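Student: Take a look at this one; I'll ask things after.
The values are calculated or read from the model by the stated rules, or taken from the named source; none is laboratory data. This structure is a prediction, so every number in the text was calculated from the model and none was measured. Here Cβ is always computed from backbone atoms with ideal geometry, including for glycine, and neighbour counts include all displayed protein chains. Heavy atoms of the whole protein, side chains included, go into the accessibility calculation; ligands, DNA and RNA do not. Shrake-Rupley method; radii C 1.70, N 1.55, O 1.52, S 1.80 Å.
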Amino acid sequence: MRDILPDLRARCSDGIPFALATVVAVHGSAPRDPGAVLAVDAAGTVVGSVSGGCVEGDVYEVAREVLAGAGPRVVSYGISDDEAFGVGLTCGGTIEILVRAYATAAEREDLAAVLDLIAADLPVAEATVLSGAAETGARLVVRPALASGRPGRPGRPGRPGTPDTPDTPGTPGTFGTLGSEGLDAAVSDDARGLLAQGHTGIQWYGAHGQRRMQEVAVFVRTYAPPPRMLVFGAIDHAAATARIGSFLGYRVTVCDARPAFATRERFPTADEVVRAWPHAYLESTDVDARTVICVLTHDPKFDVPLLAAALRTPAAYIGVMGSRRTHRDRLARLRAAGVDEAHLARLASPVGLDLGARTPEETAVSIAAEIIQHRWGGTGRPLGELSGAIHHPGGPTGTR
């Protein structure tokens, strides 16, 4: 959604009807993950992608039919029949796609409220009925609860949200409905849990929200703020790592205690550059289970207090630069500081995968590769040496 967010917001604000196709399920190998979207407007303009080109032509036709009033539909595409020119995926997998229209001003305004939250990097989940006893296409938008226990409310352009005010007389912190109070309550509860984990997928319920029943399929798409990448050490490797972190979708912070090095000019792609002692900054900032930490200082006076603090956080990944000898010395110092073996085992050091990297840019690719491997549980081996599915099943092991 984020890749075509400006296009969708423009269509909503300009009053242009459009249909939105969303990947809701993937089985086996497929080009795009659940949540990938393609939009077709009333003029026939297409933005986004749901398959990298394999089935876009057919999805386009379905979107045009839905936009003309055919109603929401879930369509499936499996292996293509090349000899019969059948529509399908050449990669051998299967995808399911929900196609629904935003044809009226009210529908576009409801969607615009969600798009505004995503654009502001505020967390929100959107639940849509795919099949079963409830109406296909029924939609419920869910915000996480605030610390006070009261949920947030989406704002509109030029009108900030009122975070302490429930939106509807039904489940607090939601707007829309899936058709029954019980279903709304159960899905709201689960959507907040998925949002906290950064997961998206199909959930099954009874017609009134009963768990462990298979009567209603609900696709829950979560939009969490971008995860953080904290880069410590304002060196040339840090500049390259910050660039690739931004490219991967992280909100990047570079931190260094030396004012001459921690400058905006040296790190133009970073979201923020902080001049502070690394451990003091880390102890004062938010770190969650999607955060990745890259320690590139390889200086004991910075590294030891910083890593001791990092290992007390729930960060998904803690990578540390340095030679094997430096790493052994660092481990000894951390043990002396009272860090136990279980915590030390979390360190990825020397940082990165073995790619033969030499330059700062190549080293940044190596670091990024290890972060991705850690996130999805990959082997790090060449795909040509492996068999089976290219894309690992399931969700992330610790990030995003």
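Student: Could you list, in sequence order, the residues of region 136-167 that are surrounded by 14 or more Cβ atoms within 10 Å (Cβ to Cβ), at pLDDT 50 or above and in a loop (DSSP other than H, G, I, E, B)?
Tutor: Thr136, Gly137, Ala138, Arg143, Pro144
Student: In region 342-365, what residues are over 27 Å from the mean Cα position of the chain (by Cα) and surrounded by fewer than 16 Cβ atoms within 10 Å (Cβ to Cβ)?
Tutor: Ala342, Leu344, Gly356, Arg358, Thr359
Student: Tell me, which strands (runs of 3 or more DSSP E) lie completely within region 182-297 with 3 or more residues that are open to solvent by less than 20 Å² (accessible area, probe 1.4 Å) and at pLDDT 95 or above?
Tutor: The qualifying strands (runs of 3 or more DSSP E) are 216-223, 228-232, 251-256, 292-295.
Student: Can you find, within region 232-283, the residue that is nearest to Ala316 (Cα to Cα) among those that are touching a residue at least 24 places away in the same chain (Cβ under 8 Å) and among the acidic types (Asp, Glu)?
Tutor: Step by step, filter region 232-283, then rank; the result is Glu283.
Student: I'd like to know if region 298-307 contains one or more residues that are surrounded by fewer than 22 Cβ atoms within 10 Å (Cβ to Cβ), at negative phi and of a type in the set (D, E, K, R). Please lay out each step first, then the result.
Tutor: Start the filter on region 298-307 by keeping residues that are surrounded by fewer than 22 Cβ atoms within 10 Å (Cβ to Cβ), which leaves 298-302, 304-305.
With the extra rule that they be at negative phi, the set shrinks to 299-302, 304-305.
Adding the requirement that they be of a type in the set (D, E, K, R) leaves 299, 301.
Yes, region 298-307 contains a residue that is surrounded by fewer than 22 Cβ atoms within 10 Å (Cβ to Cβ), at negative phi and of a type in the set (D, E, K, R).
Student: Return the residue satisfying two criteria in turn: it lies in region 72-88 and is open to solvent by 30 Å² or more (accessible area, probe 1.4 Å) and among the aliphatic types (A, V, I, L, M), and of such residues it is modelled with the highest pLDDT.
Tutor: Val74
Student: Considering only region 307-324, how many residues are part of a helix (DSSP H, G or I) and over 27 Å from the mean Cα position of the chain (by Cα)?
Tutor: Number of matching residues: 2.
Student: Okay, moving on. Looking at Thr363, is it in a helix (DSSP H, G or I), modelled with pLDDT under 95 and polar (S, T, N, Q)?
Tutor: Here the answer is no, as Thr363 does not meet what is asked.
Student: For Arg290, state whether it is among the basic types (Lys, Arg), out of contact with any Lys or Arg (no Cβ under 8 Å at 6 or more places or on another chain) and under 23 Å from Val365 (Cα atoms). Talk me through it step by step, then tell me what you get.
Tutor: Details: among the basic types (Lys, Arg): yes; out of contact with any Lys or Arg (no Cβ under 8 Å at 6 or more places or on another chain): no; under 23 Å from Val365 (Cα atoms): yes.
So Arg290 fails the test.
Student: In the set Ala207, Ala196, Ala191, Ala260, which member is farther than 30 Å from Arg73 by Cα and not basic (Lys, Arg)? Before you say what the answer is, go through the steps one by one.
Tutor: Numbers: Ala207 fails: farther than 30 Å from Arg73 by Cα; Ala196 fails: farther than 30 Å from Arg73 by Cα; Ala191 fails: farther than 30 Å from Arg73 by Cα.
Of the residues listed, the single one that is farther than 30 Å from Arg73 by Cα and not basic (Lys, Arg) is Ala260.
Student: Can you say whether Leu178 is in contact with a helix residue (DSSP H, G or I) (Cβ under 7 Å, 6 or more places away or on another chain), surrounded by fewer than 21 Cβ atoms within 10 Å (Cβ to Cβ) and touching a residue at least 12 places away in the same chain (Cβ under 8 Å), as far as the supplied structure shows?
Tutor: Spelling it out, it is not the case that Leu178 is in contact with a helix residue (DSSP H, G or I) (Cβ under 7 Å, 6 or more places away or on another chain), surrounded by fewer than 21 Cβ atoms within 10 Å (Cβ to Cβ) and touching a residue at least 12 places away in the same chain (Cβ under 8 Å).
Student: Answer yes if at least one residue in region 64-71 is more than 24 Å from Trp204 (Cα to Cα), surrounded by fewer than 16 Cβ atoms within 10 Å (Cβ to Cβ) and at pLDDT below 85, and no otherwise.
Tutor: Checked against the condition, which is being more than 24 Å from Trp204 (Cα to Cα), surrounded by fewer than 16 Cβ atoms within 10 Å (Cβ to Cβ) and at pLDDT below 85, region 64-71 yields no hits at all.
Student: With the checklist (1) part of a loop (DSSP other than H, G, I, E, B); (2) within 22 Å of the chain's Cα centre (by Cα); (3) of a type in the set (Val, Ile, Thr) in hand, flag the one item Ile372 doesn't pass.
Tutor: Of everything listed in (1) part of a loop (DSSP other than H, G, I, E, B); (2) within 22 Å of the chain's Cα centre (by Cα); (3) of a type in the set (Val, Ile, Thr), Ile372 misses just condition (1).
Student: Is it the case that region 93-109 has a residue that's modelled with pLDDT under 85, over 23 Å from the mean Cα position of the chain (by Cα), assigned to a loop (DSSP other than H, G, I, E, B) and more than 23 Å from Gly173 (Cα to Cα)?
Tutor: No; the residues of region 93-109 include none that is modelled with pLDDT under 85, over 23 Å from the mean Cα position of the chain (by Cα), assigned to a loop (DSSP other than H, G, I, E, B) and more than 23 Å from Gly173 (Cα to Cα).
Student: In this structure, does Val320 turn out to be aliphatic (A, V, I, L, M) and open to solvent by less than 60 Å² (accessible area, probe 1.4 Å)?
Tutor: yes
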